[in-house]
Amino acid sequence: MVSNGLSQYPAPVGGASLLLTFKGPRNTILIIGGDVLAASRAFAALEAGMQVIILARGSVCDELRWRADQQQVNLTDWDMLPSVSTSPLPSVPEESFSAFLAENPSISLICITIHTADTPALARICHAHNIPVNVTDHPALCDFSFASTHRFADPSTSGQSALQVGVTTNGEGCRLAGRVRREIVSMLPKDIAGAVRQVGKLRRLAKNTDDEVGECEEGENSSVTTPNRPVPGWRSSATESKDESSHRRMKWVAQVSEYWAITRLASMSEDDMKLILSGDSSQTTSPCSVQVPNENSLHNLTLLPPPKKGRILLVGSGPGHPSLLTIATHNALTKHADLVLSDKLVPAAVLALIPETVDVRIARKFPGNAEGAQSEMMDAAVEAARRGLTVVRLKQGDPVVYGRAGEEVLFFRAHGFEPLVVPGVSSALAAPIFAGIPVTQRGVAESVVVCTGVGRQGKEVKLPGYERSRTVLILMGVARIAQVVDAMIRNDSDSREGLQNSEGRREGHPYPRNTPIAIIERGSMPDQRVVASTLGDICEALDVAGEQRPPGMMVVGWAVLALQGAGDTSVLEEGEERDEERIRKWLGGCRWVMREGIDQGWAEV
């Protein structure tokens, strides 16, 4: 990341794993245990081509016994080591186990699958020998963990492919890791294994092919330009070294791997591969000569279809309920999108409308990473549009109401794409309606102000002062409601110049503590929750309500109670004298009220 000419590097955030893959006979794994889990670990190591030593006492499971008979694993009995215990895993003096490890210097990984009182001691010995160890169900003793893995079958060869997928939750949820892995596997194309097989063949051919590949017979097609014939901007075969030629072909392999459809990769024949590496596609397209002006161009292979101009749509998804999508937004998602780059707050009910063939990516926004995630999404949109894709940048509510659409418009325009901005129903107006709150109402609220409860990049929040006839809509910031409320109700002699504190600033008069406020969470969704009270009691009410449900917004002003029950539309006419009575009637003598869900009529709509 580069900003203002200064290099900025991301700070490492702990809790992740260094994901590596091990394979080959130079690696030996020692598995201590003879149960079914030990057999599973042994099988995984054997598929990686590793040597396997099983250290167990007494009987082992049938699979390990069979593999030992087949000489696939080396089965060693604990009785070969000094033992003073009759437990399944006997006590072994440190020097004896250390000697065993010293006699087997090829051991690079150790896995312990059974548990006894000696297990921690064995792990310490492994650590002393600088050999990474995994102890089942003892994460504190582990140097590495096993991912939840899947190896893809290759139907065309009736065997296993080279493609594997592994998922880890770093100890946070092993069962969930298995589910995530299954989800990933189910979403990948069925011929993904065939694509990996054919790309592997193409890579090997690119590395081993010499100048004779790509040569064609002289004749009517002798004008065809290949990588081994002089073309504009290229060296001729006489000046291009073998390494340079191989490097150029590998670039072509990378382009094909990146841009061709999976189905097309899986169906490549060897003749197709030779044509790709030669640059001669005339036999598969047209007899016209093939010119390749730039080896780094996406379309330097005429086996690719003509370039399609990409486009970017900035689309609002509304407050959340899928029936509130505009027709334009629905069409963009279901008919036009090749790639959807979605904000994380767009609900699953909206994302479920997108066809399964469309790639959907969710913004990785979290506290402290908002700017990085924003840049990542904008860069991804430009990159995909350059490949000719239609990109839908999907935003919650309306894209220009605190959706950062303006900076994206300028960014895309600067990179050669004029985006189409598709408005959406703003949650600022729709969510209050779902909560039974009109943002304006004759006799109660004559104006409305929309603001944010979150300052940009840590800056203080700026809030408007109190006006009895005004409704204030505060988007976001529910997590900081204590600071927001404090900035609104604090009285100070300098309030006319702007009340300031460490978290926010109010420009204007302070709000009375009995001013109504409603917190609307997940507005328009089936699990919508409304917590309504006064500014003086709302923080306690929200604490009682329990875990927050983002996204949330605040509605502050007398419009909050205007349509509740029998209604109250005389707020401006009667003045402040009846406010306490008005509040008691609204809340039914309580300090707050909570409501769950939305009107059942929406199920019919």
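The values are calculated or read from the model by the stated rules, or taken from the named source; none is laboratory data. Computed from a predicted model, the values in this text were never measured in an experiment. So basically every Cβ, Gly included, is an ideal-geometry build from the backbone, and we count neighbours across all protein chains shown. In case anyone asks, the SASA skips ligands and DNA or RNA and just uses the protein heavy atoms, side chains included. Shrake-Rupley method; radii C 1.70, N 1.55, O 1.52, S 1.80 Å.
For Ala479, the conditions (1) at pLDDT 90 or above; (2) surrounded by fewer than 22 Cβ atoms within 10 Å (Cβ to Cβ); (3) not aromatic (Phe, Trp, Tyr) all hold with the exception of (1). Residues that are open to solvent by less than 50 Å² (accessible area, probe 1.4 Å), on the phi < 0 side of the Ramachandran plot and over 31 Å from the mean Cα position of the chain (by Cα) within region 36-52 comprise Ala38, Ala39, Ala42, Leu46, Met50, Val52, listed in sequence order.
For (1) assigned to a loop (DSSP other than H, G, I, E, B); (2) modelled with pLDDT of 75 or more; (3) over 30 Å from Gly166 (Cα atoms), each residue gets a yes or a no:
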| residue | (1), (2), (3) |
| --- | --- |
| Ala195 | no, yes, no |
| Gly200 | no, yes, no |
| Gly214 | yes, no, yes |
| Glu217 | yes, no, yes |
| Ser223 | yes, no, yes |
| Trp234 | yes, no, yes |
| Ala238 | yes, no, yes |
| Asp243 | no, yes, yes |
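Restricting attention to region 137-148, the residues that are open to solvent by 80 Å² or more (accessible area, probe 1.4 Å), modelled with pLDDT of 90 or more and closer than 30 Å to Ser186 by Cα total 0.
Mind checking which residues of region 313-350 are assigned to a helix (DSSP H, G or I) and touching a residue at least 24 places away in the same chain (Cβ under 8 Å)?
So the first thing to find is which residues in region 313-350 are assigned to a helix (DSSP H, G or I), and the list is 322-324, 327-336, 348-350.
Passing the criteria: Pro322, Ser323, Leu324, Ala328, Thr329, Ala332, Leu333, His336, Ala349, Val350.
Of all residues being assigned to a loop (DSSP other than H, G, I, E, B) and open to solvent by 40 Å² or more (accessible area, probe 1.4 Å) in region 115-127, which is farthest from Phe22 (Cα to Cα)? Just the residue, please. Residue satisfying both the conditions and the ranking: Ala117.
Does Tyr402 qualify as being in contact with a strand residue (DSSP E or B) (Cβ under 6 Å, 6 or more places away or on another chain) and touching a residue at least 40 places away in the same chain (Cβ under 8 Å)? For Tyr402, the condition - in contact with a strand residue (DSSP E or B) (Cβ under 6 Å, 6 or more places away or on another chain) and touching a residue at least 40 places away in the same chain (Cβ under 8 Å) - is met.
If you scan region 33-73, which residues turn out to be over 16 Å from Ser106 (Cα atoms) and part of a strand (DSSP E or B)? Of everything in region 33-73, just one residue is over 16 Å from Ser106 (Cα atoms) and part of a strand (DSSP E or B), namely Ala56.
Taking the criterion of being under 36 Å from the mean Cα position of the chain (by Cα), hydrophobic (A, V, I, L, M, F, W, C) and open to solvent by 30 Å² or more (accessible area, probe 1.4 Å), the residues of region 429-470 that qualify are Leu429, Ile433, Phe434, Val449, Val450, Val454.
From the list Arg26, Arg65, exactly one residue is in contact (Cβ under 8 Å) with a residue 24 or more places away in the chain and open to solvent by 40 Å² or more (accessible area, probe 1.4 Å). Which is it?
Details: Arg65 fails: in contact (Cβ under 8 Å) with a residue 24 or more places away in the chain.
Being in contact (Cβ under 8 Å) with a residue 24 or more places away in the chain and open to solvent by 40 Å² or more (accessible area, probe 1.4 Å) holds for just one of Arg26, Arg65, which is Arg26.
When region 10-23 is limited to residues that are touching a residue at least 12 places away in the same chain (Cβ under 8 Å) and open to solvent by less than 90 Å² (accessible area, probe 1.4 Å), the one that is farthest from Arg151 (Cα to Cα) turns out to be Gly15. When Ile354 is tested against (1) touching a helix residue (DSSP H, G or I) at 6+ places or on another chain (Cβ under 6 Å); (2) over 30 Å from Gln600 (Cβ atoms); (3) of a type in the set (Val, Ile, Thr), only condition (2) is not met.
In region 309-330, what residues are in contact with a helix residue (DSSP H, G or I) (Cβ under 6 Å, 6 or more places away or on another chain), buried (at least 20 other Cβ atoms within 10 Å of the Cβ) and not hydroxyl-bearing (Ser, Thr, Tyr)?
Step one: filter region 309-330 for residues in contact with a helix residue (DSSP H, G or I) (Cβ under 6 Å, 6 or more places away or on another chain), giving 310, 312-315, 317-319, 322.
In the following step, the residues that additionally are buried (at least 20 other Cβ atoms within 10 Å of the Cβ) were identified as 310, 312-315, 317-319.
Selection gives Gly310, Ile312, Leu313, Leu314, Val315, Gly318, Pro319.
Restricting to region 386-414, name every residue that is among the acidic types (Asp, Glu) and buried (at least 17 other Cβ atoms within 10 Å of the Cβ). Break it down stepwise before answering.
Restricting attention to region 386-414, the residues satisfying the condition of being among the acidic types (Asp, Glu) are 398, 407-408.
Passing the criteria: Asp398, Glu408.
The set of residues in region 351-367 that are open to solvent by less than 70 Å² (accessible area, probe 1.4 Å) and part of a loop (DSSP other than H, G, I, E, B) comprises Leu353, Ile354, Pro355, Val358, Ala363, Lys365. If you check Asn134, Asn130 for being modelled with pLDDT of 90 or more, open to solvent by less than 40 Å² (accessible area, probe 1.4 Å) and among the polar types (S, T, N, Q), only one passes: Asn134. Restricting attention to region 157-187, the residues that are surrounded by 14 or more Cβ atoms within 10 Å (Cβ to Cβ) and in a loop (DSSP other than H, G, I, E, B) add up to 2.
Look at (1) at pLDDT 85 or above; (2) closer than 16 Å to Pro132 by Cα; (3) over 39 Å from the mean Cα position of the chain (by Cα) and you find that Phe97 fails only one, number (1). Among the residues of region 415-428, just one is open to solvent by 20 Å² or more (accessible area, probe 1.4 Å), more than 18 Å from Thr329 (Cα to Cα) and touching a strand residue (DSSP E or B) at 6+ places or on another chain (Cβ under 9 Å), namely Phe417. Scan region 14-32 for residues that are in contact with a strand residue (DSSP E or B) (Cβ under 9 Å, 6 or more places away or on another chain) and part of a loop (DSSP other than H, G, I, E, B) and the total you get is 6. Taking (1) in a loop (DSSP other than H, G, I, E, B); (2) crowded, with 17+ Cβ neighbours inside 10 Å; (3) at pLDDT 75 or above in turn, Lys190 satisfies each apart from (2).
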